[in-house]
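The values are calculated or read from the model by the stated rules, or taken from the named source; none is laboratory data. Note that this is a predicted model, so its numbers are computed, not measured. Methodologically, a virtual Cβ is constructed for each residue, glycine included, from the backbone with ideal geometry; neighbour enumeration extends over all protein chains shown. For the accessible areas, the whole protein counts, side chains as well, though only heavy atoms, and no ligand, DNA or RNA atoms are used. Shrake-Rupley method; radii C 1.70, N 1.55, O 1.52, S 1.80 Å.
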Amino acid sequence: MRVPPFRPAAQPLGLIARSVPMQDLDVIVIGGGAAGIGAARTLADAGKDVLLVEADTRLGGRARTEHVDGMALDLGAGWLHSAEHNPWVEIAALHGFALDQTLPRWREQWRGLGFSVAEQREAGQAFASFEARLRTDPPPGDRAGAALTPGSPWNVWIDTISGFVNGTDTAKLSIADYLAYENAATETDWRVPAGYGALVAAQANGLRTALATPVTSIDRSGTRLRVETSRGTLDAGQVIVTASTDVLAQGSIAIAGHDALFHAAAALPLGVADKLFLGIDHGEDDLDANAHLLGDPRNAITGTYTLRPFGRPVIEVMFGGEGAREMTERGLQGAADFAIEELCALLGGQWRRRLRLLAGSAWSRETHIRGSYSHALPGRAAARQILSTPVDPRIRFAGEACSATEFSTVHGAYKTGVAAARGLLG
Ligand SMILES: Cc1cc2nc3c(=O)[nH]c(=O)nc-3n(C[C@H](O)[C@H](O)[C@H](O)COP(=O)(O)OP(=O)(O)OC[C@H]3O[C@@H](n4cnc5c(N)ncnc54)[C@H](O)[C@@H]3O)c2cc1C
């Protein structure tokens, strides 16, 4: 597989210098993920003097591509969800990134291994009844888990699916929030062979950027905003903040008068989902490209496996919710050992010698992110609106959690960044 060369995303500003010089900036955008890049791009295109300030040493945030053995592996976002209304389709064309339109097979179990066709049908029916209850007869309290059928053998499976989709089980999931996403999403999911993370970073090409520069506070007492960073104080007329809800709720960026907004962030915690890539040393032709397996439909601690994505000699593993938390505790090699054992149980013990860990993520351990994607706690779906409504007209918030219907996605994050920028442009 030919992988295009990595494109440096942006020129780091003062990365070598020990402090960032004070500047008369129009706008500072805090956070160089999809939302921050969308905001900074929009402002720069409108002629504003904008600086994108990122705590990490790279851009992309939760969209991160790593290059291993000549392959671009997405350790965060991988799918352009709802491709019909996903701006990254057009952006990919702009930057010359090809898209693979092969649809995911998440609902199929390859060859029915460990999960027969009859069981899949039963589980699917249980999920359909659960979702019908959420829509037509929602239990009081807005807690999705309360709509599970007591004693159903498929409740664990439904919670496991929720772990992958929402990063949490149904007990901590708002029904209104879950349905807002489901009602807006389509089932057209595409991928970027050169990496979704690389694509997101490419959209920052040419933007002025300060990497490795965590912002600690915004002082809004003067006519201009003073932004404290670990490497000095910056000065701007307006600011857009795109840090994740867990970072905001933790108080990592102090802003006076924003307590209600930080409480809203706490009502939109990040669930956990993590990826692992296992290299296949030989025997890859025994597996169908892009086929899918769920490790164990009766266990909350299980992985979901995409066999040979793009036809590559790898297995892409994802853990969600409780399973992802458990794997974070085990560490990358521990998680890989677990995944290999699950695969051996389905495919046969010969796979133990054929698979090895290539790369993996632990998003809840990332200091400046702290999780994977947001979900609203029961009764708290309106927190998304609070988070995206400015307290000070000079300061806007953006990021996946600010989207009422496309949260937990790269395209949702990007759209909130563009909207925040347009809000400042007036
Ligand atoms: C494993 C996994 C799989 C996923 N799969 C998909 C998928 O297939 N499709 C999809 O659309 N989405 C997926 N997502 C979700 C998607 O990645 C996110 O919703 C999206 O990337 C969030 O973008 P953002 O800009 O809102 O936030 P982030 O990407 O988190 O960007 C915020 C940035 O702010 C920086 N920051 C934080 N604090 C500070 C500070 N104090 N100063 C300066 N900078 C700071 C952070 O370092 C970060 O770079 C997945 C996520 C994960 C983790």
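Does Ala324 meet the test of being open to solvent by less than 10 Å² (accessible area, probe 1.4 Å) and touching an Asp or Glu at 6+ places or on another chain (Cβ under 9 Å)?
Details: open to solvent by less than 10 Å² (accessible area, probe 1.4 Å): yes; touching an Asp or Glu at 6+ places or on another chain (Cβ under 9 Å): yes.
Criteria met by Ala324.
Can you name every residue in region 357-398 that is closer than 19 Å to Asp259 by Cα, within 14 Å of the ligand (Cβ to nearest atom) and touching a Gly at 6+ places or on another chain (Cβ under 7 Å)?
Arg396, Ala398, listed by residue number.
For region 121-130, give me each residue that is open to solvent by 40 Å² or more (accessible area, probe 1.4 Å) and of a type outside the set (Lys, Arg).
Quick first cut of region 121-130, residues open to solvent by 40 Å² or more (accessible area, probe 1.4 Å) only: 121-122, 125, 127-129.
Within region 121-130, Glu122, Gln125, Phe127, Ala128, Ser129 qualify.
Return only the number of the condition from (1) open to solvent by 30 Å² or more (accessible area, probe 1.4 Å); (2) in contact with a strand residue (DSSP E or B) (Cβ under 9 Å, 6 or more places away or on another chain) that Ser221 does not satisfy.
(2)
Taking region 244-296 on its own, how many of its residues are within 11 Å of the ligand (Cβ to nearest atom) and charged (D, E, K, R)?
3
Given the conditions (1) in the same structural domain as Glu342 (by TED's automatic domain parsing); (2) touching a residue at least 40 places away in the same chain (Cβ under 8 Å); (3) open to solvent by less than 10 Å² (accessible area, probe 1.4 Å), report the number of the one that His258 does not fulfil.
That leaves (1) as the condition not met.
Based on this model, can you work out whether Ala77 counts as under 20 Å from Ser364 (Cα atoms) and at pLDDT 95 or above? Reasoning before the result, please.
On the way: under 20 Å from Ser364 (Cα atoms): yes; at pLDDT 95 or above: yes.
In short, yes.
Restricting to region 46-69, and then to whatever is more than 13 Å from the ligand (Cβ to nearest atom) and touching a helix residue (DSSP H, G or I) at 6+ places or on another chain (Cβ under 9 Å), can you tell me which residue is least open to solvent (accessible area, probe 1.4 Å)?
Pass one, region 46-69, residues more than 13 Å from the ligand (Cβ to nearest atom): 46-50, 67-69.
Right, trim to touching a helix residue (DSSP H, G or I) at 6+ places or on another chain (Cβ under 9 Å) and you get 46, 48-50, 67.
Details: Ala46: 57, Lys48: 78, Asp49: 58, Val50: 10, His67: 85 Å².
Residue satisfying both the conditions and the ranking: Val50.
If I filter region 350-359 for residues that are open to solvent by 30 Å² or more (accessible area, probe 1.4 Å) and within 22 Å of Val247 (Cα to Cα), do I get at least one hit?
Within region 350-359 (the criterion being open to solvent by 30 Å² or more (accessible area, probe 1.4 Å) and within 22 Å of Val247 (Cα to Cα)), the answer is no, since none of the residues qualifies.
When the residues of region 158-205 are filtered to those that are assigned to a helix (DSSP H, G or I) and of a type in the set (S, T, N, Q), which remaining residue is surrounded by the fewest Cβ atoms within 10 Å (Cβ to Cβ)? Before the answer, list the steps.
Restricting attention to region 158-205, the residues satisfying the condition of being assigned to a helix (DSSP H, G or I) are 158-166, 170-172, 175-184, 196-202.
Next, only the ones that are of a type in the set (S, T, N, Q) stay: 160, 162, 166, 170, 183.
Values: Thr160: 28, Ser162: 27, Asn166: 28, Thr170: 24, Asn183: 9.
Among residues in region 158-205 that are assigned to a helix (DSSP H, G or I) and of a type in the set (S, T, N, Q), the one surrounded by the fewest Cβ atoms within 10 Å (Cβ to Cβ) is Asn183.
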